[in-house]
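Only the coordinates and a few stated rules stand behind these numbers; no lab work does. Just so we're clear, the structure is a prediction, and the values are computed from it rather than from any experiment. Glycine gets a Cβ as well: all are built from the backbone with ideal geometry, and neighbour counts include every protein chain shown.
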Amino acid sequence: MGDIIQQGTYRKITVTVPDAPTEEPMPASMNFYVDSRFTTAQVTRLREMIAGVLAFWREHQEQINNGEISRYASCVNKYARFNLAPVWFSDRLANGRAAADVQMAGFTTQIQANGFNRAARAYIKYQEPTGQNFTIRGLNASNLETNSLSVTVNPKALSNSTASTLMLTGSLFHAWLHRGGYRHPAGRYTSYFAGEASMCIMRGNLNKAPGVPASTYTKWLD
């Protein structure tokens, strides 16, 4: 899945960008600088999570290219109602499907900006909670071409055997939505694009199951 290069207190890792039908050339890989305090097993899980987000992106691109409504867009369309557009998008979006298409197009730009070194370096920072617990945090940003995909990760979450890699992939996806200009009221995820899109990822784009509380998913979102 790529190489590891030691550099100061961070290790550079590369993650392969899967082939996908896009209008513009894509980089062969993405670059991340991972805090050296993460264990080998934790870095492996981080790689799996990044690769997981890229796999959902590829599936969306392939289904759109085939003239279909992607499974991701269909899922988001069922549940997302509020804050459908990122802060940099001026037009009104009619529904969750349109919002999903805009978001994945924006993520294509973020992949290019990272892989072609147009954006700032993406750091995966290490932080054990000292107060309120968290999983993965991404500070609010909005410039897809220059802002990095940097996030802060709770290492205990990566070692939590009760947290599936799919759940953590959705948590990373959510942090990157914040980096891409998406917002929601603090602690509120249901019906908001940033929350529902991330929960769709956590469910593998399946419908919500009766009797399963939203907290099953939102406890992994920050």
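Once the Cα-Cα distance is subtracted from the 0.36 nm per residue extended length, the W88 to K125 segment shows a gain of 10.7 nm. Of all beta bridges that DSSP places with both ends in region 1-128, some 85 percent have antiparallel geometry. Measuring nothing but how far apart in sequence close Cα pairs (under 8 Å, 6+ apart) lie, relative to its length, region 4-218 scores a relative contact order of 22 percent. Take every Cα pair under 8 Å whose residues are at least 6 apart in sequence, average their separation, divide by the length of region 47-130, and the relative contact order is 19 percent. Total lysine pairs in region 4-218 at Cα distances under 22 Å, for residues eight or more apart or on different chains: 4.
Along the Cα→Cβ direction, 7 angstrom out, place labels at T165 and T16. What is the inter-label distance in nm? If labels sit at T165 and T16, their model points lie 1.4 nm apart. Restricting attention to the chain, close to 70% of DSSP beta bridges with both partner residues there are antiparallel.
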